[in-house]
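The values are calculated or read from the model by the stated rules, or taken from the named source; none is laboratory data. Values in this document were obtained by computation on a predicted structure and should not be read as measured data. Every residue, glycine as well, gets a Cβ built from its backbone with ideal geometry; the counts of neighbours run over all protein chains shown.
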Amino acid sequence: MRLAEFLREENILTDLKSRKKEELLDEMVTEVSSRASGLDKQAVLKALLDREKLGTTGIGHGVAIPHGKIKGLNEIMVFFGRSVKGVDFQSMDRTPVHLFFLIITPENSATAHLKILAGISHLLKNQDFRVKLLKASTGLEIFRIITEAEKRV
């Protein structure tokens, strides 16, 4: 299952402004809901915040993968966000997070949900990949970096 199947260039946010976890999630969800018709902003935000209560999705190395399952959603949606300044996301390694892959999936898609998480996690283990995402200047460049990296896996 390829990330590029679900991530769209227009769903790449290159300059997130928030500096705290809850604010960042709200900022991303606001952007996401304005780009994806029919998404209930409050339901998505609640699902993400509820998931964060179970434990941080800040996996270390400046990366977080907030995710949640949404009742009534018909398809998997992936969004990418970048914060140049970094966000206090209570990450496992206590470092600020700069790269965010936000995943929302239908309520009954546990297998697909896990496959997407695993695929993203695998890509993000590569430090060169993370650095390229940080240095990219446009959403299109980020999209190309991601799709090229997936081809090499």
Original post:
Does any residue in the stretch 140-152 that is under 22 Å from ASP15 (Cβ atoms) come within less than 9 Å, Cβ to Cβ, of a residue that is of a type in the set (Phe, Trp, Tyr) six or more places away or on a different chain, and which pairs are these?
Top reply: ILE142/PHE80; PHE143/PHE80; ILE145/PHE129; ILE146/PHE80; ILE146/PHE129; ALA149/PHE129
**OP:** Kindly indicate which of VAL78, VAL63, VAL97 is touching a Gly at 6+ places or on another chain (Cβ under 6 Å) and crowded, with 18+ Cβ neighbours inside 10 Å.
**Re:** VAL97
Original post:
Has the stretch 113-120 got at least one residue that is of a type in the set (D, E, K, R) and either surrounded by 14 or more Cβ atoms within 10 Å (Cβ to Cβ) or modelled with pLDDT under 90 (or both)?
Top reply: yes
Original post:
Which one of these does ALA136 not meet: (1) more than 14 Å from the chain's Cα centre (by Cα); (2) of a type outside the set (Asp, Glu); (3) surrounded by fewer than 18 Cβ atoms within 10 Å (Cβ to Cβ)?
Top reply: (3)
Original post:
Is there any pair linking a residue in the stretch 7-19 that is within 22 Å of ILE76 (Cβ to Cβ) to one that is modelled with pLDDT under 95 and acidic (Asp, Glu), with Cβ under 9 Å and at least six apart or on different chains, and which?
Top reply: ASN11/GLU31; LEU13/GLU31; LEU16/GLU31
**OP:** Could you please tell me which pairs satisfy a Cβ distance under 6 Å, a separation of 6+ or placement on different chains, a first residue in the stretch 102-128 that is closer than 19 Å to VAL44 by Cβ, and a second residue that is at pLDDT 90 or above and among the hydroxyl-bearing types (Ser, Thr, Tyr)?
**Re:** HIS113/THR105
**OP:** State whether the residues of the stretch 74-83 include one that is at pLDDT below 95 and small (Gly, Ala, Ser).
**Re:** no
Subject >> Enumeration of residues in the stretch 65-89 that are within 14 Å of the chain's Cα centre (by Cα) and among the hydrophobic types (A, V, I, L, M, F, W, C) >> reply: ILE65, ILE76, MET77, VAL78, PHE79, PHE80, VAL87, PHE89
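Does THR138 meet the test of being of a type in the set (Val, Ile, Thr), within 28 Å of ASN74 (Cβ to Cβ) and touching a strand residue (DSSP E or B) at 6+ places or on another chain (Cβ under 9 Å)?
no
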**OP:** Give LEU24, LEU49 a once-over and let me know the one that is in contact (Cβ under 8 Å) with a residue 24 or more places away in the chain and within 15 Å of PHE80 (Cα to Cα).
**Re:** LEU24
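Just to check your reading of the model, which residue among LEU25, LEU45, LEU39 is within 12 Å of the chain's Cα centre (by Cα) and crowded, with 17+ Cβ neighbours inside 10 Å?
Of LEU25, LEU45, LEU39, the one residue that is within 12 Å of the chain's Cα centre (by Cα) and crowded, with 17+ Cβ neighbours inside 10 Å is LEU25.
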